[in-house]
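What follows is a single structure, written as structure tokens, with notes after it.
The values are calculated or read from the model by the stated rules, or taken from the named source; none is laboratory data. Given the structure is predicted, the values throughout are model-derived calculations rather than measurements. For neighbour counting, all protein chains shown are included, and Cβ atoms are generated from backbone atoms with ideal geometry for every residue, glycine included. Ligands, DNA and RNA are excluded from the accessible area calculation, which covers all protein heavy atoms including side chains. Shrake-Rupley method; radii C 1.70, N 1.55, O 1.52, S 1.80 Å.
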Amino acid sequence: MSEPKNFESPKPEPVRYNFSQIEKKWQEFWDENKTFRAMEDPKFPKDKRYYVLDMFPYPSGAGLHVGHPEGYTATDILARYKRMKGFNVLHPMGWDAFGLPAEQYAVKTGVHPAITTKDNIDNFRRQLKMLGFSYDWDREVDTTNPKYFKWTQWIFLQLHKKGLAYIAEVPVNWCPELGTVLANEEVPEQVEKGFTVIRKPMRQWMLKITAYADRLLEDLNILDWPESIKEMQRNWIGKSEGAEIFFSLKNSDEKIKVFTTRPDTIFGATYLVLAPEHLLADRITTDKQKPVVEKYRRETSLKSDMERTELAKEKSGVWTGACAINPASGEEIPIWIADYVLVSYGTGAIMAVPAHDTRDFEFARKFDLEIRVVIQPEGEAPLDSKTMTEAHSHIGVMVNSKNFNGIKSNEEKGFKNPAILAVVESLEKQGVASRTIHYKLRDWLFSRQRYWGEPFPLIHRQDGTIETVDEKYLPLTLPTVESYKPAGTGESPLASIAEWVNTADQSGKPALRETNTMPQWAGSCWYYLRYCDPHNDAVFCDPKKESYWMPVDMYVGGGEHAVLHLLYARFWHKVLFDLKLVNTPEPFMKLVNQGIILGEDSQKMSKSRGNVVNPDQIIEKYGADSIRLYEMFMGPLTQTKPWNTNGVEGVYRFLQRVWRLYTDEQGNLSGKIQDVDPSIELMRVLHKTIRKITDDIESLSFNTAISQMMIFVNELTPIEIRPRKIVEPFILLLAPFAPHLAEEIWAILGHTKSLAYQAFPEYDTALTVDDEVTIVLQVNGKLRDKLQLKKGTDKSITEQMAKEKVASWIQGKEILKVVFVPDKLVNIVVKG
RNA sequence: GCUCGGAUGGCGGAACUGGUAGACGCACAGGACUUAAAAUCCUGCGGGCCGAAUAAGCCCGUGCCGGUUCGAUUCCGGCUCCGAGCACCA
């Protein structure tokens, strides 16, 4: 570490410290000295390496908002703290820079998205550097850089080789305004923005994420993630164990396959329902019913998904005229068509058990279908299907179920439930059912009709087959185009660039390039790996470097990526793991979602509300250390909390008091700081502070760490002789939070090296407790008095003193009991 | 409807494994310094009994109702409200 260039500290005005000068000085120092460069130093054992990662931003034209520094400051505090604790820290930053806004701007202005993107990145980098984050900027990545997306394309080829990428004609979410299709995961967000999304069959690239459904579900158990996020992923994957059961038709050889998670209720299946789009719906309908069925199917096909769910309150449907045979009871049951059954889930057909399913119950009531109770709750009056007002849950004993009667159906789902197991085994023996596991998770729709994305390294041969571009020709870069506008026909703007599209296959025959591009999520699926080895042109990430740093120890970002990026990245990572290209089964061991910062009016910040706080302005007025400290002081990291500029003023005042604690009016070391032995009281103040701050950083309770620093400064300010042994370590405690001010004061204290790698102070447990304690005196549990005693005073003495102190409360009353908690309290329980 | 969070002064929030509720900060009020202001410093600041004021004391108080306990912001049962997510998933 070399010395800071300008070692003379800037002369601030009396009283106030010159934050802008100090912050600039140290930012330049860190930059020039590459203070935070991370190296794969073998001296650090695995448990002394720490990879702390932020979700990299999309560099929008608007620049940083105050939400960004929240998570970034939290990780920066951790990074700086861990370095001081002797860890080798990897703390990188980069840009998730492909995406629609730059492209839409290009459509409007004709400016190439690469130019807009570069400007935006420069602005983001400038802003982040102004906040003094200790990133290793040599590891910066940019997903739109061909050197980066070369490897995104390469990983896609590995997926393709493994058979995990395929092209299919599927009903997709087509958005006419955006001129592109969207992933299921993206739909809610765009609909919220006011775009329409319709279902339309198109030929699209898909990634077989469903092949990993079980592992993505299972491995959630080993992750230290917020329970809510894990639950969202579990629900999104939506695993359900059950059976596919075949119902034969009365007058036909056709069979209808239904999926159910409750085969134990099969004797109560009094009708079947097919989704309107079900392939058999047309074929089984009787001539007589044909007109009504066709009308119904036409009507539902015109409804959007939204309309179908909004109208969910009122069930609708029509009878096909056909009947099926219940394979368990042998009874004839009608087959209906209704849009409350979805074609996209299970087999698109259900056996309806109205007595034990609310939806089936509503439907049966409306169309006067038979309701038959087959599970009787134990210890209750027998259920009467005629008078039932709602469907009953299925926990109880099987009834009306022939030889299954009496078997218990408990709260267990799947085959652990004895009733389900018994019925399935029996149906399997008859050859009319098989155990099945269904997932809600669909394969990932991976192509977009956009310009500003990674081109697929694929070629369509004349014969309709597909050939992959040889790895040695990667990256396959984007051509320049005249217009960035989507063709609107479902083709990307690339389709109109003849010289790019027209190419030759390996045999030299004319062929066409794939013109779709990858979705924005592609680049973020593996960026955390590239940080481990960002400049490698030979491999996407050297396995040695990967195993040096991975997995990510701490990942901080917004909760909005719960089922998007966080699921996609886990999927890619598992594929790479199977290819033995990475060594860890999961990429992010610990995840923390920072809370949203609301405007001063406690509403979500938005331009239209006019409540957006611009970090540049806050930095200009109060400095980076103030905004860092304020955002951490607002409240718990994970909590949603409103911005309050007065609060910034508060921490700014605190930093001024810190400055005045160490300096005189000329900005030199204060004469009050002296090399004298501190009193035991001051030692206790210091060690309590070290302990509180250490514990709080470890548990990410930055708000209470800061309040402890304030307490420390409040205690030391009135003291005229400030022992160096007390005040010097405090600067190291402050350093992760307010690094510029801390570096400056550290230098003023006479140090010639940056404090970035100074050992974080350790505390002596004996010095974190007082030798005098306050004993709380209660009578009947109510606080009546207090007692100052030496720590460890024994029971009889304490109780004796307590009784004297609260004599007026216990006089003349019978003492029933005395509760004594050493060094804490005495509670005297009296009668009356 | 289901799942997951949450509810503490005027405000943001603190409170270890059940043991002094309101740390720290903001706002506000009063005072010192100043010709004045800013900055800074000092004092007060949950509600009530409570008044011109002082000191002390007592009562109530952590969304609501109930329980366990010597003692509950903390544990248990029931409810209300707010936020987030999912939503006809068979």
Does residue A:619 satisfy being surrounded by 15 or more Cβ atoms within 10 Å (Cβ to Cβ) and either at pLDDT below 95 or under 30 Å from residue A:210 (Cα atoms) (or both)?
-> no
Which residues, counting only those in region A:594-612, are touching a Ser or Thr at 6+ places or on another chain (Cβ under 8 Å) and open to solvent by 20 Å² or more (accessible area, probe 1.4 Å)?
-> A:594, A:596, A:598, A:600, A:612
State whether the residues of region A:555-571 include one that is surrounded by fewer than 18 Cβ atoms within 10 Å (Cβ to Cβ) and either without any contact (Cβ under 8 Å) to a residue 12 or more places away in the chain or outside any loop (DSSP other than H, G, I, E, B) (or both).
-> yes
Of all the helices (runs of 4 or more DSSP H) wholly in region A:155-266, which have at least 3 residues that are farther than 27 Å from residue A:415 by Cα and open to solvent by 60 Å² or more (accessible area, probe 1.4 Å)?
-> A:187-192
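Does residue A:361 fit the bill of being of a type in the set (Phe, Trp, Tyr), under 42 Å from the mean Cα position of the chain (by Cα) and near RNA strand B (Cβ under 8 Å from one of its atoms)?
When the stated conditions are applied, residue A:361 does not pass them.
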How many residues are near RNA strand B (Cβ under 7 Å from one of its atoms) and buried (at least 19 other Cβ atoms within 10 Å of the Cβ) when one looks only at region A:705-720?
-> 1
Mind telling me which of the residues A:656, A:666 ends up being surrounded by fewer than 20 Cβ atoms within 10 Å (Cβ to Cβ) and away from RNA strand B (no atom under 11 Å from the Cβ)?
-> A:666
Return the only residue of A:698, A:631 being open to solvent by less than 10 Å² (accessible area, probe 1.4 Å), more than 10 Å from RNA strand B (Cβ to nearest atom) and either under 28 Å from the mean Cα position of the chain (by Cα) or among the small types (Gly, Ala, Ser) (or both).
-> A:631
For region A:387-406, how many residues meet the condition of being surrounded by 13 or more Cβ atoms within 10 Å (Cβ to Cβ), away from RNA strand B (no atom under 16 Å from the Cβ) and in contact (Cβ under 8 Å) with a residue 24 or more places away in the chain?
-> 6
So, first residue farther than 10 Å from residue A:263 by Cβ and assigned to a loop (DSSP other than H, G, I, E, B) in region A:411-422, second residue open to solvent by less than 10 Å² (accessible area, probe 1.4 Å) and among the basic types (Lys, Arg), Cβ within less than 6 Å, six or more apart or across chains; the pairs are none
Test: residue A:197 is within 11 Å of RNA strand B (Cβ to nearest atom) and among the β-branched types (Val, Ile, Thr) = no
Just one listed residue, out of A:799, A:804, A:762, A:814, is charged (D, E, K, R), touching a residue at least 12 places away in the same chain (Cβ under 8 Å), open to solvent by 40 Å² or more (accessible area, probe 1.4 Å) and within 16 Å of RNA strand B (Cβ to nearest atom), and it is A:814
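Residue A:681 - would you say it is within 14 Å of RNA strand B (Cβ to nearest atom), more than 28 Å from the chain's Cα centre (by Cα) and at pLDDT below 95?
no
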If you scan region A:420-475, which residues turn out to be in contact with a helix residue (DSSP H, G or I) (Cβ under 9 Å, 6 or more places away or on another chain), open to solvent by less than 40 Å² (accessible area, probe 1.4 Å), farther than 30 Å from residue A:254 by Cβ and among the acidic types (Asp, Glu)?
-> A:454
From A:434, A:426, residue being outside any loop (DSSP other than H, G, I, E, B) and touching a strand residue (DSSP E or B) at 6+ places or on another chain (Cβ under 6 Å) | A:434
Matching entry among A:478, A:441, A:474 (being in contact with a Pro (Cβ under 7 Å, 6 or more places away or on another chain), among the hydrophobic types (A, V, I, L, M, F, W, C) and under 22 Å from residue A:164 (Cα atoms)) = A:474
Yes or no: residue A:639 open to solvent by 60 Å² or more (accessible area, probe 1.4 Å), more than 13 Å from RNA strand B (Cβ to nearest atom), modelled with pLDDT under 95 and not in a helix (DSSP H, G or I)?
-> no
